[in-house]
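What follows is calculated from the coordinates using simple rules that are stated; it is not laboratory data. Worth saying up front: this structure is predicted, and the values here are computed from it rather than measured. FYI the Cβ positions are ideal-geometry reconstructions off the backbone, even for glycines, and counts take in every protein chain you see.
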Amino acid sequence: MKNTFRIAGWVKLCIIGYSLIGIGIFYLQETIIFQPTVVAADSSYGFQQPYLEKNIALDDQTRFNLIEFTVADSLRKGVVLYFHGNKGNVKRYNRFVDNFTRHGYEVWMADYPGFGKSTGKVSESILYEESLQVYKLARIQYQPGQIILYGKSLGSGIAAQLASVRDCKRLILETPYYSLTSLARIYLWMYPLDLLMHYHLPTHDYLTKVTAPVTIFHGTADGVVPYFNASRLKSVLKPSDEFITIQGGSHRDLNRFPLMQEKLDSLLRM
């Protein structure tokens, strides 16, 4: 009888623990997914590269802060719309700007709501709307054949969604995931994540609708988005698309590998 009560007690504790974690997944996922650094609206980033700063107002509460890293008129041949990862703000990612500006491409980076100087409440639909607004602004100056969409980590699903509904020269994804739900399922397989998660970002689904050329970079030592998760995207790529494996590359260091730099340079020279 004592053993029966002991087993019942452990079962009860397991159920309580399971339920509490499930509640945490539902209510705290934004804190886990998004790790922004806020910047005062009246402050200056003081980037070393030439840049312009603009704000795109969606409504009274939502304003997207956009940094446009510029190049000389005589050198400009297009623009890269760069959708960054889940940490910090544009200041964390401006070190990658030279990858593109040295080839004559402006780089436009917009912070997500709650990041940097951007305001408003973040949601999956708002992330897509922000990317669309940035694209519409770019189309005032550039033709689709001059626009490259670039998604890094979290931004890969956003860039893929935009490329599925708007024309561009090329879609480039760095350390992408098959979907945000599939990534969470690696660690939380015992939960009904399709119901609990507010953010799904199904990159694989969007890629089936992208007509532009697609290039993907992913490292075999990625500890954030495991290589096997990203490699599932190969099944939805067009025959002419590329999935470039960086041996030994992790989630944050692909730019130091010659293979990525050489391939990226060759794409931007086209």
Ranked by Cβ crowding within 10 angstrom, fewest neighbours first, how are Y177, Y199, Y45, Y135 ordered?
Y45, Y199, Y135, Y177
At 7 Å along the Cα-to-beta-carbon direction for both L259 and Y187, put a label point, then send me their distance in nm to one decimal.
2.6
Which ³J(HN,Hα) values, rounded to whole Hz and listed in residue order, are derived for the stretch 77-93 from phi using the Karplus coefficients 6.51, -1.76 and 1.60 in 6.51 cos²θ - 1.76 cosθ + 1.60 with θ = phi - 60°, glycine and proline given as x?
10, x, 9, 9, 8, 9, 9, 8, x, 8, 10, x, 6, 4, 5, 5, 10
I want to check the label-to-label distance for N55 and K136. Put each point 7 Å from Cα in the C-beta direction and report it in nm to one decimal.
1.9
Considering every pair of different Cα atoms, what Kirkwood radius, in Å, is found for the stretch 97-215?
15.2
Zone of K238's modelled label, taken as backbone nitrogen in the stretch 80-94 under 16 Å from a point 7 Å along Cα→Cβ:
none
Could you calculate the contour length gain from A72 to I33, that is, 0.36 nm times the residue separation minus the distance between their Cα atoms, to one decimal place in nm?
10.4 nm
Packing-ranked peptide list from 141-151, 183-193, 89-99, highest mean Cβ count within 10 angstrom first, is 141-151, 89-99, 183-193
Give me S44, S179 sorted ascending by neighbouring Cβ count inside 10 Å, so fewest comes first.
S44, S179
On the formula 1/(1 + (r/R0)^6), with r taken between the Cβ atoms of F228 and T208 and R0 of 25 Å, the FRET efficiency rounded to 0.05 is 0.80
Work out the length of the dipole vector of the chain about its Cα centre, built from +1 on the beta-carbon of each Lys and Arg and -1 on the beta-carbon of each Asp and Glu, and round it to the nearest 20 debye.
560
Sequence ranges 204-212, 100-108, ranked by mean other-Cβ count within 10 angstrom, highest first:
100-108, 204-212
